[in-house]
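Visitor: Before I ask anything, here is the structure I am working with.
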Ligand code: F6R
C-alpha cells in the first residue's frame, strides 16, 4: 500500500486525478471501476476539467441501492450522470451501473461479474471508505472472497447516508455491491478518504490486522493500492511520518 498524505482534500484529489489521467492517456480503452458518495465528487470535477478522452473508456460502478428508480435523485445512476457522465465524451454503451431494480438480482449479479471479465477486468478501481471500513457496500464481516451480490447496510451506514436522503428511514436498506473478491481482482485500487471521521477506519485498514471487521484492510493483500488521504483522515496513523518520508523521496520515475 502506498499512503499519500496531503494537507487538504483538494491537493489530495489532484494526485488521484493525475493517477487516473495518466491511465487514460496511456490506455485509451481503459476499464475504470467508479465509486459514488461525497469523496469522489471533487475528483470527478477535476477530471471533467482536464478534458480527457473518454470515448473508448469502459466503466463499472461499485454499487447501487435496491428499489430506487434509476431517476431517483439519490440513485447512483443519477449521481453518476449528474457528476461525471453528462460532462464527458463517454459512450453510453460502455457504462455499467448495477441495476437495483433487476427482477432476478442473483442472476443480474452473475451477469455483472461476467461483463467485468469480458471487458478484460478493471484496470483501476476507485474506492471511498465507510466510517465502519466498508469498501463498495461490503459491510463489516463481508466475506473477503465475496462477489457482486445483494447486501444489507448496517444501521451505521444508514445513519451516515441519511444526510443524502433527509432521514435515516428513507435510506434503502439493501444494495447491490461488487464483492471484495471482485475489488481485489482490479489491477490497481485507488482509495480516497477525507476528514477526521474516516481516521479510525483508515488506521485500521492500513495498520490493523487483515480482518473482515474492517473490509478495507483486505487491501493490504493487494499488490497495487494507492491511498490518497488528507491530514485529518491520516491523524490516527501511527506511521504517518514514514509514509510522508516515502512520498517525499519517491524516485522521479515513480512520481505522478
Ligand atoms: C459508494 C461506495 C461507498 C462509499 C463510502 C464512503 O459507491 O462504494 O463505499 O465510498 O460509503 O462514502 P462517502 O464518500 O460519502 O463518505
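Visitor: With r defined as the distance between the Cβ atoms of residue 78 and residue 196 and R0 fixed at 35 Å, what FRET efficiency is calculated, to the nearest 0.05? Could the numbers behind the result be given before it?
Guide: Numbers: r = 29 Å, r/R0 = 0.82.
Rounded to the nearest 0.05, the efficiency is 0.75.
Visitor: Only bridges with both residues in the range 2-250 count here: give the DSSP antiparallel percent, nearest 5. If you can, show how the numbers build up before the last one.
Guide: Details: 9 of 31 bridges.
Bridges in the range 2-250 that DSSP calls antiparallel: roughly 30 percent.
Visitor: Given the -39500 (n - 2.57) contribution per DSSP H run of 4+ residues, what per-residue ellipticity at 222 nm results for the chain, rounded to the nearest 500 deg cm²/dmol? Numbers along the way, then the final one.
Guide: Details: 9 runs with 87 residues, N = 256.
Mean residue ellipticity at 222 nm (helix-derived): -10000 deg cm²/dmol.
Visitor: If R0 is 25 Å, what FRET efficiency do you get for residue 51 and residue 173 from their C-beta distance, rounded to 0.05?
Guide: Numbers: r = 40 Å, r/R0 = 1.59.
Efficiency computed from Cβ-Cβ geometry: 0.05.
Visitor: Calculate, for residue 238 and residue 163, the FRET efficiency according to 1/(1 + (r/R0)^6) with r their C-beta to C-beta distance and R0 22 Å; round to the nearest 0.05. Please list the in-between numbers first.
Guide: Working: r = 30 Å, r/R0 = 1.38.
That pair, residue 238 with residue 163, gives E of 0.15.
Visitor: Given N residues in the chain, what is Rg(Cα) / (2.2 N^0.38 Å)?
Guide: Working: Rg = 17.2 Å, N = 256, 2.2 N^0.38 = 18.1 Å.
That ratio works out to 0.95.
Read the figures in this text as sums done on the coordinates, not as results from a lab. Keep in mind it's a predicted model, so treat the numbers as computed, not measured. Here the Cβ is made from the backbone with ideal geometry for all residues, glycine too, and neighbour counts use every protein chain on show.
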